[in-house]
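Structure first, commentary second.
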Ligand code: SF4
């Protein structure tokens, strides 16, 4: 049919949701969005998923924050079912910007004077731009002189990055997902791209139609199975058993690439010793996959001309998350499946800027570009560049910061665009910590569950209301343009960070995000040859890039690795069980994750009318047989409990969920899955075990 175009302008920008980084054209009339189309970006080639196409009207939600707010002296610091996001006046009063910013900075300064740098911390966000991430960590590091600055990458790919940095000296993908077009074999493990990276999934599906073989490894079934050569539905938490059995097969059957191993790796002998006892036959029981299938998939991966591995949170969100990723790196290295078209390692990034926010230094151990805060030479360089003394010790991570608040060590926080009251594990504990803070400044667009704990709330701008660069999962730096002004008195995030910085004794004079980007290019070699003008002109530039006029390098590491000896380090991993196994009291395995229509804690998508209409209700998914064994039918109300808390919600029958498991998305605040999750951390990546804990499901009367 013919589409009636009655917009008065259209703006080329980006989708605000996932790490795929789809380019969009937003059609606007009178500063209001009419509809959104996909644009011909490198990652989406005109395609969009349901979130990118229909999930935009949250920016007009009447719950948008439009005035600075200050907590009333008599109001409790907590979110509960009773608070009304349309009426924050029960807990807050409106203030002028002057008063709110003075109060925000004053409270942080007081904590600094009383407790010193160790008393403060900041959470930035992977939903913000590169420039916002850079400024945020710069403020925490140069005004508070602490490295206690982190963001939600800690909860998603921290363990993958730990393993990648250790193994190949670089935390980013070695090849874009569009490399699928050249692949013969694709392993998808612990990822559900059709739901969580839907447009990336289309490239994988197309490759399968061309004849490439997809192997899905996932304790749950999923949509990609329709395109798969095989689905290995292994037991949850047994990744290392399965992957080591594949490595064992490849070594035993002489399918390794000895030339590659000798030229480009170290640690092969240790790996060989480690996997000796991991024969597929010995691992059958442990991981739940028959030995013949393990051997078949190992042979397929090793023998294919070009094999690539995609992974997600199913790998990373475990106490053995780093070990899981180490096994994937080992698989790649012993077969030389890297550095050529159609090969490589690709951790699928979740948020639209999780790559960029990490690159920009929103991490407690490193300055921008992953330069260790503990290396004196590096620190001296940054001290000179930023003109102040810096903290020589690594800072605390997300969950460690929460624990440090409870312990009385951290007393003041600045949180920009993050929602730890929903996203952190063991939420009762996390919310208790937020309530305990002497001074909390929250900068956001809605009254999030976290904002209810704040002393000062600074209303900020949504993605569609600002300039900024964002780096997607493919290492493509792309530019977003403003579509509409922020509502009411809400302001730009970068301006708010600057206003606070200047009240905290810094002297910042940026006048546009482009100034910030220019400073980043000066100090971050990864961004060399990418100017703001080039971004605006070309819309997307892949880093690293060797010249100002040539395209970036999509496929990395054809000639060795950026490690101290130029070799990839193979690190063997033994079997570490999940922290909390099912028992008589809590007989099921609880796993959490996302759903196609909703995004993370739901702050945006649950306020987007189309998306919330499609998935309006908190649900727990169980296998139909499990339901009937428990005397339940779909739609019944249940209580799901763990050692940390309980929630009430409805059950859904889902054949993709194996018996013995319950799956709950973490986006519903009326039944917050993270009330239940286990905060136990992976020792290397410091990521909590969201993907596995022991749970109980009981029928209750409708609530
Ligand atoms: Fe947006 Fe990701 Fe969907 Fe693309 S695939 S439209 S980036 S949510």
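Here are a few things to note about the model shown:
- When we screen 71, 47, 64 for residues that are away from the ligand (no atom under 16 Å from the Cβ) and either over 30 Å from residue 358 (Cα atoms) or touching a strand residue (DSSP E or B) at 6+ places or on another chain (Cβ under 6 Å) (or both), the only hit is 71.
- Among the candidates 30, 8, 40, residue that is within 27 Å of the chain's Cα centre (by Cα) and either within 21 Å of residue 490 (Cβ to Cβ) or more than 9 Å from the ligand (Cβ to nearest atom) (or both): 40
- Under the condition of being within 11 Å of the ligand (Cβ to nearest atom) and closer than 19 Å to residue 483 by Cβ, the residues counted in the stretch 50-61 number 6.
- Some residue of the stretch 62-77 being over 20 Å from residue 14 (Cα atoms) and without any contact (Cβ under 8 Å) to a residue 12 or more places away in the chain: yes
- Test: residue in the stretch 112-122 that is within 16 Å of the chain's Cα centre (by Cα) and buried (at least 24 other Cβ atoms within 10 Å of the Cβ): no
- One residue from 389, 418 being outside any strand (DSSP E or B), under 29 Å from residue 479 (Cα atoms) and touching a helix residue (DSSP H, G or I) at 6+ places or on another chain (Cβ under 7 Å): 418
- Residues in the stretch 421-450 that are in a loop (DSSP other than H, G, I, E, B), in contact with a strand residue (DSSP E or B) (Cβ under 9 Å, 6 or more places away or on another chain) and crowded, with 24+ Cβ neighbours inside 10 Å: 424, 425, 445, 447, 448, 450.
- Just one of (1) over 24 Å from residue 103 (Cα atoms); (2) at pLDDT below 95; (3) out of contact with any strand residue (DSSP E or B) (no Cβ under 9 Å at 6 or more places or on another chain) fails for residue 386. It is (2).
- Of all residues in the stretch 11-27, those that are farther than 18 Å from residue 537 by Cα and within 12 Å of the ligand (Cβ to nearest atom) total 6.
- None of 401, 406, 415 is in contact with a strand residue (DSSP E or B) (Cβ under 7 Å, 6 or more places away or on another chain) and closer than 23 Å to residue 643 by Cβ except 401.
- Residue among 310, 234 that is closer than 28 Å to residue 689 by Cβ, in contact with a strand residue (DSSP E or B) (Cβ under 9 Å, 6 or more places away or on another chain) and touching a residue at least 60 places away in the same chain (Cβ under 8 Å): 310
- Only one of the listed residues (245, 228, 208) is touching a helix residue (DSSP H, G or I) at 6+ places or on another chain (Cβ under 7 Å) and surrounded by fewer than 23 Cβ atoms within 10 Å (Cβ to Cβ). That residue is 208.
- Within the stretch 587-618, being more than 16 Å from the ligand (Cβ to nearest atom) and surrounded by fewer than 19 Cβ atoms within 10 Å (Cβ to Cβ) holds for 587, 609, 613, 616, 617.
- Taken over the stretch 451-479, the criterion of being out of contact with any strand residue (DSSP E or B) (no Cβ under 6 Å at 6 or more places or on another chain) and not in a helix (DSSP H, G or I) is satisfied by 459, 461, 462, 466, 467, 472, 473, 474.
- Enumeration of residues in the stretch 514-534 that are over 17 Å from residue 382 (Cα atoms) and either under 23 Å from the mean Cα position of the chain (by Cα) or surrounded by fewer than 18 Cβ atoms within 10 Å (Cβ to Cβ) (or both): 515, 528, 529, 531, 533, 534
- Restricting 397, 375, 471 to residues that are in contact with a helix residue (DSSP H, G or I) (Cβ under 6 Å, 6 or more places away or on another chain) and away from the ligand (no atom under 16 Å from the Cβ) narrows the list to 397.
- Residue count for the stretch 480-494 under the criterion of being buried (at least 24 other Cβ atoms within 10 Å of the Cβ) and either within 15 Å of the ligand (Cβ to nearest atom) or in a loop (DSSP other than H, G, I, E, B) (or both): the result is 2.
The values are calculated or read from the model by the stated rules, or taken from the named source; none is laboratory data. Just so it is clear, the model here is predicted, and its values are computed rather than measured. Every residue, glycine as well, gets a Cβ built from its backbone with ideal geometry; the counts of neighbours run over all protein chains shown.
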